[in-house]
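Below is one structure, written out as structure tokens; the observations come after it.
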Amino acid sequence: MTEIEKGRWELPDAEVGEMLHRLEGMENIMIVLRSGGATHERIGAVGEVSRVDDMIAIGGPVHTARIDPGTASRVVFDTSLVIAGGSYPALEFQDGDGTELFKAIAMGGAPAFVAAFGAEARVALEPKERMMPRMGGDADEITSDPAFILLNRLREEGDPVEIRHRLAGREQSWQGTIETVRPGMGFSNVTTDDFHLHVKAGAVSEWRETRAGWMAVAPDGSEIGLVVARMTKAAA
């Protein structure tokens, strides 16, 4: 097995659009959007990566991300994550302050991922402190949380839904029927083979119902970008 050098590096010459295009054809990539206590993840093979107006569209059987390459000003290559002996290298796309905007993680095929990005000019960074989710927690705290209540209600109703995370310069979505909503580690969790949603307890204080669906509202009254909508049924 090829040994992967562990570390974390800024890629100062990397062009965001070019980095995204290199994902094309990779077999098992997780695209992660995270903001306001909500994490939206799509997992699967990457198909065509194309430009649509000002956006980069990541295609494939499951991928739906649309990303404005001008949103990110810094690319970080990170090979430090190891789980149960497996390596999960990632590209982080950040703003000028170092805030993560979105991320691509190799959930399989780590050597190919490293080969695609590891030869770039790079500057070593300090290791990233990884915050482990709090274990356990009060299940009643989660099941009484507004995020859990809405997601679980839609699970019980059984209608297809769309769960979209729409943020400045990036968005992605999932459509399907919610099979389970599990409380765990302080989050409400919806998981399928190709989609994960994790909403931290307390991140959503209420849902604002609009024509587009339910908008998740934070305790300070701002929208966190998470939208949940029933799918419109086709006319018979």
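A short reminder: the numbers here are calculations on the coordinates, not readings from a lab. Here the structure is a predicted model, which is why all the values come from computation and not from measurement. When we count neighbours, we look across all protein chains shown, and the Cβ atoms used for this are built from the backbone with ideal geometry, even at glycine.
Below, the figures for the structure above:
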item	result
Simple label model, 7 Å out from Cα along Cβ direction - Arg153 to Asp54, nm	3.6 nm
Local net charge near Arg182, Cβ-Cβ under 13 Å (Lys/Arg +1, Asp/Glu -1)	-1
Proximal aspartates and glutamates to Lys128, defined as alpha-carbon separation beneath 16 angstrom and excluding residues fewer than eight positions away on the same chain	Glu5, Glu10, Asp78, Glu92, Asp97, Glu100
Formal net charge of residues neighbouring Leu226 (Cβ-Cβ distance under 14 Å; K, R +1; D, E -1)	-1
Positive dipole terminus of the range 1-114, leading residue within Gly59, Gly96, Leu11 (C-beta point charges)	Gly59
Debye intensity ratio in log₁₀ form over the Cα atoms of the range 139-230, taken at each q of 0.11, 0.14, 0.21, 0.23 Å⁻¹	-0.27, -0.45, -1.08, -1.30
Computed over the range 4-133, Kirkwood Rh from alpha-carbon pairs, angstrom	14.9 Å
Residues whose placed amide H lies under 5 Å from that of Ile178, excluding near-sequence neighbours	Val161
Distance in nm between pseudo-label sites at Ala124 and Arg208 (7 Å out along the Cβ direction from Cα)	4.7 nm
Residue-averaged [θ]222 nm for the chain, counting only DSSP H segments that reach four residues, each worth -39500 (n - 2.57)	-3500 deg cm²/dmol
Whole-Hz couplings from phi, Karplus 6.51/-1.76/1.60, listed for the range 158-172; x for Gly and Pro	x, 7, x, 10, 10, 10, 10, 10, 10, 10, 4, x, 7, 6, 7
Overall Cα dimensions of the chain - principal axes, largest extent first, Å	50, 44, 35
Principal axes of the range 70-133: Cα extent on each, largest first, Å	33, 31, 20
Selected from Ala124, Ile163, Ala139, residue furthest toward positive end of dipole (the range 56-196; charges at beta carbon)	Ala124
GluC sites (Glu not before Pro) within the range 141-226, DSSP loop, no more than 10 other Cβ atoms inside 10 Å	Glu179
